[in-house]
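Below: the structure, in C-alpha cells.
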Amino acid sequence: MKSVVGLPVHNASRAVTAYEEIKRRILEGIIPPGHPILENGMAGELGISRTPLREALARLRHEDLVIAIPRKGIFVNSLSADDMEEIADMLEGLEGIAVKLAAKRATETDLARIEDAVRAQEEALRKDDRQAWSVADEEFHNAVLDAARNRRIQEVVSRVKVQWRRQQALTIRLRPKPTFSTEGHRATLEAIRSRDGELARQIDQRHRAKVNRMLIDILRSLGSRPVGL
C-alpha cells in the first residue's frame, strides 16, 4: 500500500513523526541555528531509516527551517534579524486587522478563551515562569486569530509565525520580564470585549511594535554567521 507521497504507509507515518519531532526541536531552540543535521545520526536517534528522514527534511526545507548546502549537508537555517524584522512588520499589520475583526465577531466562548490565556500569562508572570508564559502567549494569539474568523489571515500568519517562534525560543530568557506584553494583551482583550475594534487594533499594534523592536535588537546584538561555515 502506498501513501499519497509515494512512500509506503509505514514510512509516510514515520516521516510525519520525524518531521514533527525535528521541527519541535528547531522551534524550541534545542537544535540551534547553523547546527548540522547528520542523516545517519538523526535517523538512528529517531529509530527510523534514512528514507522517511529525507522526506521529513524535504518538508522542513520547504518551510525554510533547514537548508541544504552542496557537499556540506543539511543545516538548521540561521535567524536573520532582517528577516525577523520583515516578519514582525507582517504580523503587526495582520494581527492588528485580526483583533479589530475579533472585536466584531468574537463569541462569549472566544472571549472566555482569550481571558483564560491572559490569566495564564499573568500567573506565569507572577511565578517568573518564562516557558509557561510563552505557551500562554501563543494561545492568546491563536485565540484572537480564531475569534477573527478570517481563514486567509490565519493561513498567512501561521506560515510566518513558524520563523517567529524560533526567535521567541532564542530570546525568551534574554528579554526583560514580559510585563509590558502581558499588560498589552489584557488591554487588547478589554477593548475586544467592549467591541471597540479600532481601539483594540491601536493597543495591539502599539505594544507589538515596541516588543518587536526590542526582540529584533536582541537578535542583532547576538549576531549571526552563515550556516555551513
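Data for the structure
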item: Within segment 74-88, considering residues that are in contact (Cβ under 8 Å) with a residue 60 or more places away in the chain and not hydrophobic (A, V, I, L, M, F, W, C), the one nearest to residue 143 (Cα to Cα); result: 85
item: Residue satisfying condition, being touching a strand residue (DSSP E or B) at 6+ places or on another chain (Cβ under 9 Å) and more than 29 Å from residue 213 (Cβ to Cβ), within set 105, 61, 71; result: 61
item: Of residues in segment 104-143 being touching a His at 6+ places or on another chain (Cβ under 9 Å) and β-branched (Val, Ile, Thr), the one farthest from residue 186 (Cα to Cα); result: 114
item: Sole residue being in a helix (DSSP H, G or I), at pLDDT below 95 and either in the same structural domain as residue 87 (by TED's automatic domain parsing) or over 21 Å from residue 115 (Cβ atoms) (or both), chosen from 199, 219, 189; result: 219
item: Enumeration of residues in segment 50-79 that are in a loop (DSSP other than H, G, I, E, B) and either more than 20 Å from residue 170 (Cβ to Cβ) or modelled with pLDDT of 90 or more (or both); result: 65, 70, 71, 72, 77
item: Count - residues of segment 103-124 that are touching a residue at least 40 places away in the same chain (Cβ under 8 Å) and closer than 14 Å to residue 177 by Cβ; result: 2
item: Any hit, segment 155-176, residues being over 19 Å from the mean Cα position of the chain (by Cα) and outside any loop (DSSP other than H, G, I, E, B); result: no
item: Some residue of segment 81-96 being over 26 Å from residue 171 (Cβ atoms) and of a type outside the set (Ser, Thr, Tyr); result: no
item: Close pairs (8 angstrom Cβ cut-off, 6 or more residues apart or separate chains): over 18 Å from residue 20 (Cβ atoms) in segment 33-49, aromatic (Phe, Trp, Tyr) anywhere; result: 34/75; 35/75; 36/75
item: Among (1) modelled with pLDDT under 95; (2) in contact with a helix residue (DSSP H, G or I) (Cβ under 7 Å, 6 or more places away or on another chain); (3) of a type in the set (Gly, Ala, Ser), the one test that residue 47 misses; result: (2)
item: Filter result for the condition that a residue is closer than 19 Å to residue 183 by Cα and out of contact with any helix residue (DSSP H, G or I) (no Cβ under 7 Å at 6 or more places or on another chain), over 100, 127; result: 127
item: Search result, residues across segment 80-122 that are buried (at least 20 other Cβ atoms within 10 Å of the Cβ) and either outside any helix (DSSP H, G or I) or of a type in the set (S, T, N, Q) (or both); result: 106, 121
item: First in segment 162-191 and farther than 11 Å from residue 211 by Cβ, second anywhere and of a type in the set (D, E, K, R), Cβ under 6 Å, 6 or more apart; result: 162/63; 169/28; 172/130; 173/130; 188/204
item: Filter result for the condition that a residue is outside the structural domain of residue 215 (by TED's automatic domain parsing) and not hydrophobic (A, V, I, L, M, F, W, C), over 104, 72; result: 72
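Conditions (1) farther than 22 Å from residue 29 by Cα; (2) at pLDDT 90 or above; (3) in contact with a Lys or Arg (Cβ under 7 Å, 6 or more places away or on another chain), marked per residue:
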position: 138; (1), (2), (3): no, yes, no
position: 156; (1), (2), (3): yes, yes, no
position: 172; (1), (2), (3): no, no, yes
position: 175; (1), (2), (3): no, yes, no
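The values are calculated or read from the model by the stated rules, or taken from the named source; none is laboratory data. Keep in mind it's a predicted model, so treat the numbers as computed, not measured. No Cβ is skipped: glycine too gets one built from the backbone with ideal geometry, and neighbour counts run over all protein chains shown.
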